[in-house]
Amino acid sequence: MNQSLQEKLEDYDSEPVVYCPRCYSLKIKYVEAIGSDCCMDCGCTDSIETSIGEWEKLYEKRYGRKFIQGKRNLKGHPIFKTSISKLKTMVLNNPSYKNIIRTLYPKFPSGLGRTDAVLMLFDKLSKDNRMDELRTLLLNSY
């Protein structure tokens, strides 16, 4: 009995996906050395399971574009060659700096002044190796 192409696609789309809650990558792999699943893009050991449709919505909300459309080489953009000090200035002068921080770290402490918040953000980004996420976020916001 042959399934129609539409039925096959529906079956495929109903399979859950596992993604990284930090960078939304689908590249989750079991790493025997640590005895856990790990994101191959950012190294995060947390993962979430959901439908592909829900993941696509979350990805688009976070990055401002669909995953399939996002396959252009962003690393060639000048923002990826911008120094950390210039990135700090860009975020510091951005009227939406709080939204940038909350997008990257939803549980970021509130009540800090602008300068302290930006300095703490860059400290966390450096420690978590997430500077490219900031660059991508800034690129998509212009």
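Nothing in this text is a laboratory measurement; each read-out follows from the coordinates by a stated rule. Note that the structure is predicted; figures quoted are calculated from it, not measured. Positions of Cβ are generated from backbone atoms using ideal geometry, with glycine treated the same way; all protein chains shown enter the neighbour counts.
Before moving on, here are some points about what is shown:
- Integer Hz, Karplus 6.51/-1.76/1.60 couplings in order for region 107-115, x for Gly and Pro: 9, 4, x, 9, x, 8, x, 4, 4
- Restraint check, Lys57/Lys124; Lys29/Lys127; Lys75/Lys124; Lys107/Lys127, Cα-Cα greater than 24 Å: Lys57/Lys124
- Length released on extending from Tyr97 to Phe67, taking residue separation times 0.36 nm less the Cα-Cα span: 8.4 nm
- Gain on full stretching of the segment that runs from Ile84 to Ser110 - 0.36 nm per residue minus C-alpha separation: 7.1 nm
- Cβ-based net charge around Ser85, under 15 Å, with every Lys or Arg adding one and every Asp or Glu removing one: +3
- Shown in residue order for region 14-26 are the 3J(HN,Hα) couplings computed by the Karplus curve 6.51 cos²θ - 1.76 cosθ + 1.60 at θ = phi - 60°: 7, 5, x, 10, 10, 9, 7, x, 7, 10, 6, 5, 9 Hz (x for Gly and Pro).
- At R0 = 22 Å, FRET efficiency that the Cβ-Cβ distance of His77 and Asp41 yields, to 0.05: 0.75
- Cα coordinate range in region 74-141, projected on the principal axes (Å, largest first): 36, 23, 19
- For Val31, residues with placed amide H under 5 Å, excluding near neighbours: Ser36, Asp37, Cys38
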